[in-house]
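Colleague: The structure that follows is given in the form of structure tokens.
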Amino acid sequence: MKITIIGAGAWGKALGYIAEKSGHEVSFWSRGNQVLPVHADVFIAAVPAQHMREAMGKIAIGTAPLISAAKGIERHTGKMMAEVCHEVAPQSEFYALSGPSFAGDVIAGQPTAVALAGPTLGKAMNLAEALSTKHFRIYPTDDVMGVEIGGAMKNVLAIACGIVAGAGLGESARASLVTRGFAELSRYAKARGAKAETLMGLSGFGDLMLTCSSTKSRNYSYGLAVGQGLSLVEALAQSRGVVEGAYTAGVAAELSRAQNIDMPIVTAVANVVAGHSSPHDEIVKLLARPLRAENE
């Protein structure tokens, strides 16, 4: 197949590497190189979530499948990437790729597994088989919403875990935060119609575990810097790339309030990254919340 990777950042290059290893002809589109082939059988969008609409508006996708590797929610509209892409490229079939994966690990040929969600399980399986390699395994699903929410929300929660680590609150606190954060993610996803098994899989709990525990994660590293006392501007300035969770936190908190879904950790991160509150004050508020049954 002819595959065009939209975005030439680290993740775009990693996915291009996988596509080539799978035996496909690969080209790249980026702001610095906007020459597209006359035809592409599949497009893979590896651009930040907040740039997805702009990028899609510049490319004639047509009816070719579009795989989104973005992990976020459009902050000005509250829309998932599937909704954004359906508006800009309505004839294209949308797929969401997400899971515990660092670009460096993929390029190094280290074993990695991710999920690919499509309009049907069969169609997702066809693309998964076409793009999987010996070391890069793609598991298909038809739960687009579940895969997208897992990828978006885990970035916000990774910031929270970084703040806890930076503040020196210990591994027990971080483990508790991951667990309670996953409960929030699950509540929100369930309200949006996602499947529980998707959230327990690679694009949900799997990606959350990785992103909330490694300084390779830009979101975790950003939170770590904030927790250590750097200003929001300083923390962003030292980031190695786009911190998706910083842009998703606010809109995620707004969406949860609008749907009356309790997401205190996400709300705390939103307050911190917006400059409305300090990490210390938000931690105090979280610890002062009334006790209730764990599964509520």
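Since every read-out is calculated from the coordinates, none of them should be taken as a lab result. These figures come from a predicted structure and were not determined experimentally. Heads up, the Cβs are rebuilt from the backbone with ideal geometry, glycines too, and the neighbour counts pull from every protein chain shown.
Colleague: If you scan region 165-186, which residues turn out to be crowded, with 21+ Cβ neighbours inside 10 Å and more than 17 Å from Met263 (Cα to Cα)?
Modeller: Matches in region 165-186: Ala165, Gly166.
Colleague: Here's a follow-up. Kindly provide the set of residues from region 140-158 that are part of a strand (DSSP E or B) and either crowded, with 24+ Cβ neighbours inside 10 Å or hydroxyl-bearing (Ser, Thr, Tyr) (or both), ordered by number.
Modeller: Thr141
Colleague: I've got another one for you. Take Ser256 and tell me if it is of a type in the set (S, T, N, Q), surrounded by fewer than 22 Cβ atoms within 10 Å (Cβ to Cβ), touching a Lys or Arg at 6+ places or on another chain (Cβ under 9 Å) and not in a helix (DSSP H, G or I).
Modeller: Criteria not met by Ser256.
Colleague: Sticking with this structure for a sec: Which residues, taken from region 169-212, are touching a residue at least 24 places away in the same chain (Cβ under 8 Å) and not in a helix (DSSP H, G or I)?
Modeller: Selection gives Leu169, Arg192, Gly193, Ala194, Lys195, Gly201, Cys212.
Colleague: Can I ask one more? Using beta carbons and a limit of 6 Å, which pairs, at least six apart or on different chains, have the first residue in region 115-127 and of a type in the set (Ser, Thr, Tyr) and the second one outside any helix (DSSP H, G or I)?
Modeller: Pairs found: Thr120/Asp142.
Colleague: Would you say Asp262 is over 15 Å from the mean Cα position of the chain (by Cα), part of a helix (DSSP H, G or I), over 22 Å from His76 (Cβ atoms) and of a type in the set (Asp, Glu)?
Modeller: no
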